[in-house]
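K.L.:
This is the structure, below, for whatever I ask next.
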Amino acid sequence: MNHLECELLDQLSRHQTITKAAEAMQLSQSTITKRLKQMEAGFDVQIVHRGKKGIHFTPEGEYLAACARSILKEIEAMKDTLWNMEEEVKGTIKIAVSNFLTSFMLFDVIRAFKEMYPEVDFRITTGWSRDMYERVRSDEVHVSFIRGDYQWRGRKHLLFEETLCVASKEPLPLEALPAASRIDYKKDAKLAGMIDSWWDWNFREIPKVSMVLDNAESCREMIRNGLGYSIVTSLVVRDMDDIHKTELKDRAGKRITRGSWMFCREQSMELKAVREFVEFVENYDAERHSAG
C-alpha cells in the first residue's frame with residue numbers, strides 16, 4: 001500500500017462514511033470510491049460493506065486498516081527522527097484542542113510561534129475536551145489543550161483558571177434563580193456536572209430551562225438581549241460589560257473555578273519541534289498574564 005491508500009483506509013476507519021473521509025482528505029467521494037475499488041481488486045478481497053448509514057469494514061478490511069495505521073505511524077516516526085537530527089527546528093506538531101480554546105488562544109499562539117519557527121507545521125484536531133484528552137492519552141497527538149481537570153502523569157501546564165458565574169442582563173439574586181428563565185448551551189460533561197452539583201447544593205427545585213443552544217456564542221447574545229440568565233464560565237462573558245455577573249461559591253465559600261491545561265506526553269518532548277512549542281506556550285502564557 002502506498003501512503004495515499006494507507007491514509008484512505010485510516011480515514012474510512014475513523015469516520016465510517018465515504019463522505020466524511022473525503023472531506024478529511026480533501027478529495028471527491030468518487031475518487032475515494034474509485035481508489036477503494038482498486039484496492040479491493042488488487043488485494044482480491046472485499047474491504048467494506050456499503051449501507052444506508054455508511055460503511056462497515058469486513059474482517060479483511062479491518063486487518064488492512066490496522067496495517068495502514070501501523071505504516072502511517074512508522075512513516076511519521078521516521079520523519080520525526082530525521083527532522084530531529086537537523087539543527088533547524090522543523091517538523092509537524094499534532095495538536096488536539098477544545099473548540100472554545102481554538103478561537104480564544106490557539107490562533108494567536110500558533111501565529112507567534114510560526115514567526116519564530118516558520119518550518120514547523122501543525123496538524124490540528126478540534127472537539128470536546130473529553131475527546132481531546134483521549135487523543136493525547138492514546139498517543140494520537142503530541143499536545144492537547146483541554147478545559148477541565150483531568151488526570152495526567154505527563155508534562156502539564158495550567159494555562160488559566162475561570163470562575164463559574166451567573167450571567168444576566170439585570171441583577172438577579174441567587175435565591176431567585178429557580179423561578180427565572182434559564183438559558184443553557186451544549187457543554188462538556190465535566191462542566192455540566194460542576195453546574196449541576198452547585199445547583200443541587202443550593203436548590204430543591206429543578207431549573208426552569210427555557211432554551212438550549214448549540215454553542216456559547218449564541219448563549220451570550222441571548223443573555224445580552226435579556227431573554228434569561230445562564231450559568232457560564234467567566235471567559236464566555238469576559239468582554240460583556242453590559243451584563244451582570246455573580247460568581248458562584250462552594251459550601252466553604254470559595255469560588256468555583258475551572259482550569260484549562262496543556263498536556264504533553266513525555267516521549268513527545270524528545271522531539272525538538274514539540275519541545276520548543278511546549279516551552280514557548282508555557283512562556284507565552286506567563287508573559288500574557290503578567291502583561292495583563
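K.L.:
Order of 138-147, 216-225, 46-55 by packing, highest average Cβ count within 10 Å first?
P.N.:
138-147, 216-225, 46-55
K.L.:
Take the Cα gyration tensor of region 180-292, multiply each eigenvalue by 5, square-root it, and list the three semi-axes largest first, rounded to whole angstrom.
P.N.:
34, 17, 15
K.L.:
Let me ask something else about it. How high is the relative contact order of region 1-81, given as a whole-number percent (alpha carbon pairs under 8 Å, six or more residues apart)?
P.N.:
It comes to 35 percent, rounded to a whole number.
K.L.:
Give me 284, 150 ranked fewest to most by other Cβ atoms within 10 Å of their Cβ, as a rough exposure proxy.
P.N.:
Details: 284 16, 150 19.
Least to most surrounded, the residues fall as 284, 150.
K.L.:
Right, here's the next one. So what is the 222 nm mean residue ellipticity for the chain from helices alone, if each DSSP H run of at least 4 adds -39500 (n - 2.57) and you divide by all residues, rounding to the nearest 500 deg cm²/dmol?
P.N.:
Numbers: 9 runs with 125 residues, N = 292.
Here the helix-only value at 222 nm equals -14000 deg cm²/dmol.
K.L.:
Related question: Considering only DSSP beta bridges whose two residues both sit in the chain, what percent are antiparallel, to the nearest 5? Write down the numbers at each step before the final one.
P.N.:
Details: 26 of 43 bridges.
Beta bridges within the chain, antiparallel portion: roughly 60 percent.
K.L.:
In a Gaussian network model over the chain where Cα atoms closer than 10 Å are linked, find which of 126, 257, 33 has the largest mean-square fluctuation.
P.N.:
Judging by the Gaussian network model, the answer is 33.
K.L.:
Something else now. If you average the sequence gap of Cα pairs under 8 Å that are 6 or more apart and divide by the length of region 49-122, what percent do you get for the contact order?
P.N.:
27
K.L.:
Go ahead and set up a Gaussian network model of the chain, Cα springs under 10 Å, then flag whichever of 45, 120, 281 fluctuates most.
P.N.:
Comparing 45, 120, 281 in a Gaussian network model of the chain, the most mobile one is 45.
K.L.:
With the cut-off at 1.5 for a/c, could you classify region 93-136 from its C-alpha gyration tensor as rounded, prolate or oblate? Don't skip to the answer; put the middle values down first.
P.N.:
Values: a/c = 3.70, a/b = 1.69, b/c = 2.18.
Judged from the Cα gyration tensor, region 93-136 comes out oblate (a/c at least 1.5, b/c at or above a/b).
K.L.:
If I build a Gaussian network model for the chain, linking alpha-carbon pairs within less than 10 angstrom, which residue out of 198, 128, 261 has the largest mean-square fluctuation?
P.N.:
Largest GNM mean-square fluctuation: 198.
K.L.:
With +1 on each Lys and Arg Cβ and -1 on each Asp and Glu Cβ, how big is the dipole of region 25-182 about its Cα centre, in debye rounded to the nearest 20?
P.N.:
Working: 23 positive and 23 negative charges, 130 e Å.
Dipole of region 25-182, to the nearest 20 debye: 620 debye.
K.L.:
Please label the shape of region 54-122 as rounded, prolate or oblate, based on the square roots a ≥ b ≥ c of the eigenvalues of the alpha-carbon gyration tensor (a/c under 1.5 means rounded; beyond that, a/b larger than b/c means prolate, else oblate). Show your work: numbers first, answer last.
P.N.:
Working: a/c = 5.12, a/b = 1.48, b/c = 3.46.
Oblate, since a/c reaches 1.5 and b/c is not below a/b.
K.L.:
Given the alpha-carbon gyration tensor of region 36-79, what are the semi-axes of its equivalent ellipsoid in whole angstrom, ordered largest first, with each equal to the square root of 5 times an eigenvalue?
P.N.:
So the three semi-axes of region 36-79 are 23, 13, 9 Å.
K.L.:
Quick one: plug the Kirkwood hydrodynamic radius of region 204-260 (C-alpha pairs) into Stokes-Einstein at 25 °C, 0.890 mPa s, and report D in µm²/s.
P.N.:
The calculation lands on 188 µm²/s.
K.L.:
Here's a follow-up. Given a cut-off of 18 Å, name the pairs among 20/52; 20/186; 79/272 whose C-alpha atoms lie farther apart than that in the structure shown.
P.N.:
Values: 20/52 14 Å; 20/186 23 Å; 79/272 12 Å.
Checking Cα-Cα distances, 20/186 exceed 18 Å.
K.L.:
Find the relative contact order for the chain and round it to a whole percent, using C-alpha pairs within less than 8 Å whose residues are 6+ positions apart.
P.N.:
This gives 20 percent for the chain.
Every read-out reported here was derived from the displayed coordinates using simple, explicitly stated rules and does not represent laboratory data. The structure presented is a predicted model; accordingly, all values stated were derived computationally and were not measured. Quick reminder, even Gly has a Cβ in these numbers, built from the backbone with ideal geometry, and neighbours come from all protein chains shown.
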